Amino acid sequence: MCSETAAAAVRRPPQWKEFFLMAWFIVRVALVPTLLVAVPFTVLVVFTLNILLVEFGAADMSGAGTGLGAVTQIGPLVTVLIVAGAGATALCADLGARTIREEIDAMRVLGIDPIHRLVVPRVLASTVVAFLLNGLVVVIGLVGGFFFSVYIQNVTPGAYVASLTLLTGLPEVIISMVKATLFGLVAGLVACYRGLTVRGGPKSVGDAVNETVVYSFIALFAINVVVTAIGVKFGTGS
């Protein structure tokens, strides 16, 4: 299905209407959970980090730690949780319901390729939304870290802002965005594959949704480890 999706992605005409509908659908499903997960993650990481920095007498370096944590870990990890737990499951349930109602078979009988008509827009929408969600989570992490550090743990605002780019630069941002893009791509592919391969009644759709979460988590955390290792190696080599 991956090769068929890649081939169908460049086939004309592009399904722009379906793409925008699915992108908005994923945003509606994932936006609120993203906000609810990103803030506690940020507070936890910043609180723990600032305690360590105060012990070492380096509280003014909290901005550097927050920037590194938000860009390289908080953003991608929250994106993993939301894309796999909310976005991919919604896509799988949608396609699974269509499959058991035999809509997919009817499309094939009419000569309509379901990969081109349904899968490609959903995979692209998942990829783009994951990319944008990662940027949103990073911004929430940096802003939330600022308010928490300055107003709760009495870090100097100027020192926090000045140290933000000490450990985090363009390479870290690029790696973070690459992770998020791959997360969205893989989660979309897994969701569409399980949705199209449902066999049976409504119970099989629920089983497919559960399997989508598990498979997506496994694949996305593996991607996170591999891309992080490549990024560290590249950074060390440069």
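Just so you know, all these numbers are worked out from the coordinates, no wet-lab data involved. Being a predicted model, the structure only gives us computed values, none of them experimental. FYI the Cβ positions are ideal-geometry reconstructions off the backbone, even for glycines, and counts take in every protein chain you see.
Using a ≥ b ≥ c from the Cα gyration tensor of the chain (square roots of the eigenvalues), is it rounded, prolate or oblate, where a/c under 1.5 gives rounded and otherwise the larger of a/b and b/c decides, a/b for prolate?
prolate
Grab the Cα-Cα distance for ILE218 and VAL143, subtract it from 0.36 nm times how many residues apart they are, and report the gain in nm with one decimal.
Between ILE218 and VAL143, full extension yields 24.0 nm more.
For a label point 7 angstrom out from the Cα of LEU170 toward its Cβ, which stretches of segment 65-91 have the backbone nitrogen within less than 16 Å?
Once the point is set 7 Å along Cα→Cβ of LEU170, nothing inside segment 65-91 turns out to lie under 16 Å by backbone N.
Among GLU103, GLU55, GLU18, which comes first, then next, by fewest other beta-carbon atoms within 10 Å? Provide the component values of the computation, followed by the final result.
Values: GLU103 13, GLU55 9, GLU18 16.
So the residues, fewest neighbours to most, are GLU55, GLU103, GLU18.
Pull out the extension gain between MET1 and TYR151, defined as 0.36 nm times the separation in residues minus the alpha carbon to alpha carbon distance; nm, one decimal. Don't skip to the answer; put the middle values down first.
Details: separation 150, 0.36 × 150 = 54.00 nm, distance 5.11 nm.
Answer, rounded to one decimal: 48.9 nm.
Could you work out how much longer the chain between LEU44 and ASN210 gets when fully extended? Use 0.36 nm per residue separation minus the Cα distance between them, nm to one decimal. Don't jump to the answer; show the numbers that get you there.
Numbers: separation 166, 0.36 × 166 = 59.76 nm, distance 2.83 nm.
That pair, LEU44 and ASN210, stretches by 56.9 nm at full extension.
LYS179: which lysines have alpha carbons under 25 Å from its alpha carbon, excluding same-chain residues fewer than 8 sequence positions away?
Excluding near neighbours in sequence, the set is LYS233.
Explain nothing, just the number: dipole magnitude of segment 84-133 about its Cα centre with +1 on each Lys and Arg Cβ and -1 on each Asp and Glu Cβ, in debye rounded to the nearest 20.
80 debye
Points 7 angstrom from Cα along the Cβ direction at VAL109 and VAL226: gap in nanometres?
4.0 nm
Within the chain, which DSSP H helices have Cα atoms that stretch 30 Å or more along the helix axis and a mean Kyte-Doolittle hydropathy of at least 0.0?
Details: long enough: 16-55 (55 Å, 1.81); 120-151 (46 Å, 1.92); 170-196 (39 Å, 1.48); 202-237 (52 Å, 1.01).
Those that pass (Cα extent of 30 Å or more, hydropathy at least 0.0) are 16-55, 120-151, 170-196, 202-237.
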